[in-house]
Amino acid sequence: MSPTYSPPPTPRVAVLLKVDTLGDLVLFAPVLQALRVAWPQTKLSVVIRRAYVDLAPLLAPGIDWIPTSLDPFAAGPDADPGEVHRLRELITALQPDLVAATTSRRNWLEVALAAAAPQARRVAQGAAADDAFFATRLRLALGLHASNVFTENVPTSGAEPDWRTNFQMVDALLGRPVERVAPRLALTDAARNTAADVLRSNDLQPGRYIVCAAAGFANVRLKTWPAERFAKAIAHLQAAHGLPTLLIGHKNERAYLTALRAAAIAAIGDKAQAPRLWLGHEGDLSTLAALIAGSKLYFGNDTGAMHLAAAVDIPVVAIFGGGTWPRFVPAARRGIAVVHPLPCFGCSWDCAFGEAPCLGAISADSAIAALDRTLDGLEGFEVRTENHISDETRRMMGKAAATYRASSADHLDRQHKLEELTALDLEKDAEIAALKQVCDERVKTILILDGNVRRFQ
């Protein structure tokens, strides 16, 4: 007889830790939707970064969102101890039965928060590992190691895009495999109305413009295709297809996008057909999603906006580098990803060459061909690869990248040791100061006793 299988118990309170960026959250939406359906009575709380709170209601219904100002990839646990304490107290008060670390890269904040619920089932996505950059500071600040906090680790496969890999966590939490459903977002009427106002003010018609995300370097400065190539492609879209372009970005990207717009005007040769420009602020992500949803096609190198486009079922033409390839290939029904494979792929945007040659090697003509093919009615999604690098250059790049990564790992290890030694020195200084204070107090006591003896004599 086959053994009886019992799925894990349904949690009363579950906390998911997802302190990732925009694109990661979009790809995570199917996970939240699947868990919400499977656990209708569970209080489901998700920790996210405050910058993405306005997008949260579009991801899944019935979720309690816990926003934080902490960016665990940019700052360590000593940057804002008050916020760390607030979140840990909140997790403790929730008394969760389950804490799941679901961020795409292991970080110290997941460890700190999971440790605040020692009685919970604590599950982490990926292999058991410390935060590569802030592990030492976490140990010094809170005495925590990732390998000692999580009771389960869900292995992930690098062969699939992230939106599919995310379901491995759902399988583990529910104790059974679930259907892989691509991310899909439903926009609110308020977002659509705001986007309609933007289109009217820019003399754009729904379904008759290209939305272009040519910046998107808020988190990774290197991840940008050359501006002059964007300008050439935008000019082609206007001349060959009669489609104006709406450049989208964050207010902090104004200077870059304004310069790109000027280059596009020069390439078009007619200021009346200049690309429009929309710059979002904090709290404008739902408007961004609606502007993308109203377009005919998405074009760009910003993967966050790209995943939004795929989730609202807009065709995608995306320029890809090799930092995380192929993890973030979109779940788009139609479109093309253009990429130039190099032996240094998988660098996580810590580029050995300093200027992302993987992006620089992609020509404007290749992007234009992909745009034409998609606008001509391409069905399905495909990846188109370029190859402009000789075999000898590839070998040299591979060796240089391997040397750089080994050097970076050694440097990081030395940094951790230096942090530990510095902390040890500070502890010894504190002990010496405390000992000196004790000695000073004893000297004072001796002087008092000596005075008493003299007076007695």
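The values are calculated or read from the model by the stated rules, or taken from the named source; none is laboratory data. Quick caveat: nothing in here was measured; it's all calculated off a predicted structure. Here the Cβ positions follow ideal geometry from the backbone for every residue, glycine too, while neighbour counts run over all protein chains shown. In case anyone asks, the SASA skips ligands and DNA or RNA and just uses the protein heavy atoms, side chains included. Shrake-Rupley method; radii C 1.70, N 1.55, O 1.52, S 1.80 Å.
Within the stretch 269-289, being aliphatic (A, V, I, L, M) and open to solvent by less than 40 Å² (accessible area, probe 1.4 Å) holds for ALA274, LEU279, LEU285, LEU288, ALA289.
Filter the stretch 379-412 down to residues that are within 11 Å of VAL317 (Cα to Cα) and hydrophobic (A, V, I, L, M, F, W, C) and give me whichever is surrounded by the most Cβ atoms within 10 Å (Cβ to Cβ).
Filtering first and then ranking leaves PHE381.
Residue count for the stretch 168-224, restricted to those that are touching an Asp or Glu at 6+ places or on another chain (Cβ under 6 Å) and among the small types (Gly, Ala, Ser): 3. Checked against (1) over 24 Å from ARG327 (Cα atoms); (2) part of a loop (DSSP other than H, G, I, E, B); (3) not polar (S, T, N, Q), HIS85 meets all criteria but (2).
Scanning the stretch 334-374 for residues that are in contact with a Pro (Cβ under 8 Å, 6 or more places away or on another chain) and open to solvent by 30 Å² or more (accessible area, probe 1.4 Å) yields ARG334, GLY360.
For beta carbons closer than 6 Å, sequence separation of 6+ or different chains, a first residue in the stretch 2-29 that is farther than 21 Å from PRO40 by Cβ and open to solvent by less than 80 Å² (accessible area, probe 1.4 Å) and a second that is modelled with pLDDT of 95 or more and among the β-branched types (Val, Ile, Thr), the qualifying pairs are LEU17/VAL47. Counting only residues that are buried (at least 21 other Cβ atoms within 10 Å of the Cβ) and over 23 Å from the mean Cα position of the chain (by Cα), the stretch 247-260 holds 1 of them.
Conditions tested, residue by residue: (1) under 28 Å from ASP130 (Cα atoms); (2) open to solvent by 50 Å² or more (accessible area, probe 1.4 Å); (3) aliphatic (A, V, I, L, M); (4) touching a strand residue (DSSP E or B) at 6+ places or on another chain (Cβ under 9 Å).
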position	(1), (2), (3), (4)
ASN148	yes, yes, no, no
ASN153	yes, yes, no, yes
GLU160	yes, yes, no, no
THR165	yes, no, no, yes
VAL170	yes, no, yes, no
LEU173	yes, no, yes, yes
VAL181	no, yes, yes, no
ARG184	no, yes, no, no
ALA195	no, no, yes, no
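Inspect the stretch 304-319 for any residue being touching a Pro at 6+ places or on another chain (Cβ under 9 Å) and either modelled with pLDDT under 95 or among the acidic types (Asp, Glu) (or both) and give the result as yes or no. For the stretch 304-319, residues touching a Pro at 6+ places or on another chain (Cβ under 9 Å) and either modelled with pLDDT under 95 or among the acidic types (Asp, Glu) (or both): absent. When the stretch 129-152 is filtered for residues that are of a type outside the set (Gly, Ala, Ser) and assigned to a loop (DSSP other than H, G, I, E, B), the ones remaining, listed by number, are ASP130, ASP131, PHE133, PHE134, LEU144, HIS145, PHE150, THR151. Mind checking which residues of the stretch 30-62 are buried (at least 18 other Cβ atoms within 10 Å of the Cβ), in contact with a helix residue (DSSP H, G or I) (Cβ under 6 Å, 6 or more places away or on another chain) and of a type outside the set (Gly, Ala, Ser)? Passing the criteria: VAL31, LEU32, TYR52, LEU55, LEU59. Being open to solvent by less than 10 Å² (accessible area, probe 1.4 Å) and farther than 21 Å from ASP20 by Cβ is the requirement here; does VAL316 meet it? So VAL316 fails the test.
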